[in-house]
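Inspection log for the structure reproduced underneath, given as structure tokens.
The values are calculated or read from the model by the stated rules, or taken from the named source; none is laboratory data. From a predicted model like this one, the values you see are computed outputs, not experimental measurements. Cβ placement follows ideal geometry from the backbone for every residue including glycine, while neighbour counts extend to all protein chains displayed. Quick note on the areas: whole protein, heavy atoms, side chains included, nothing else; ligands and nucleic acids left out. Shrake-Rupley method; radii C 1.70, N 1.55, O 1.52, S 1.80 Å.
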Amino acid sequence: MAKKDAPLRWDRRMHQRLVRGEAAALGELYDRFASLVHGLAHRVLGDERAADGITREVFAHAWAHPDTYDPQQGTLRSWIAALTHRLAVQRLRATEKAALTRHGEGSTEELERKVRRASVAARADYIVHSMPTPLRAALELAYFQRRDYRQTAHDLGVTEDEARRRLRLGLQLLSTAHDTGTPPPEYGGAV
């Protein structure tokens, strides 16, 4: 129980420190989540400089408006990821809409399809990087190295039943990537 409570305690302390305006808290928040934020933003936007801009915006928002985080709604990590996703999608829509207007080609439907694809891809990235290491390792072996469950079990040093369980659970979590209407599921505080 203590292991699962640790991230929640960290979230509460960090939130309190941000509300008090502790500059060191912002630095710690940045150190912990900058790669997540940048990766999600880059996945949605496909542009390094735009992802850098979103990263700055996310942490500026966290600093200026820490009161918008509600611990009852989820972890600080999920709040940061949702904020990143929202800002990146807003930027993508604005950029694509400007390009449509400038070139006079394409449609709003195309824009929304592109936004939906980028959202699903970013959500899948978030889910994979947030899932517990044993699940992620099993999926990586099966997907990237094309191992079946028997080979995965051997490579991980677990039983075949355990390998199947990890793969099934990992795929179930990943299948929620298309469900963009709800926030990403929590994974027991995996950071």
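Rolling a 1.4 Å probe across the protein heavy atoms gives segment 2-130 an accessible surface of 56 Å² per residue.
Ranked by the mean number of other Cβ atoms within 10 Å of their residues, highest first, the peptides 45-52, 81-88, 127-134 fall in the order 81-88, 127-134, 45-52.
Determine the relative contact order of segment 2-130: mean sequence separation of Cα pairs under 8 Å and six or more apart, normalised by residue count, in whole percent.
On the way: 98 pairs, mean separation 38.1, N = 129.
Once divided by the residue count of segment 2-130, the mean separation gives 30 percent.
Extension gain, Ala82 to Arg56: 0.36 nm times the residue separation minus the Cα-Cα distance gives 7.9 nm.
At R0 = 22 Å, how high is the FRET efficiency between Asp67 and Thr176 if r is their beta carbon distance? Nearest 0.05 is fine. Efficiency computed from Cβ-Cβ geometry: 0.15.
For a paramagnetic label modelled on Val120 (point 7 Å from Cα along Cα→Cβ), amide N atoms under 16 Å away belong, within segment 152-176, to 172-176.
What the Cβ-Cβ distance of Val19 and His129 gives, at R0 = 41 Å and to the nearest 0.05, is a FRET efficiency of 0.90.
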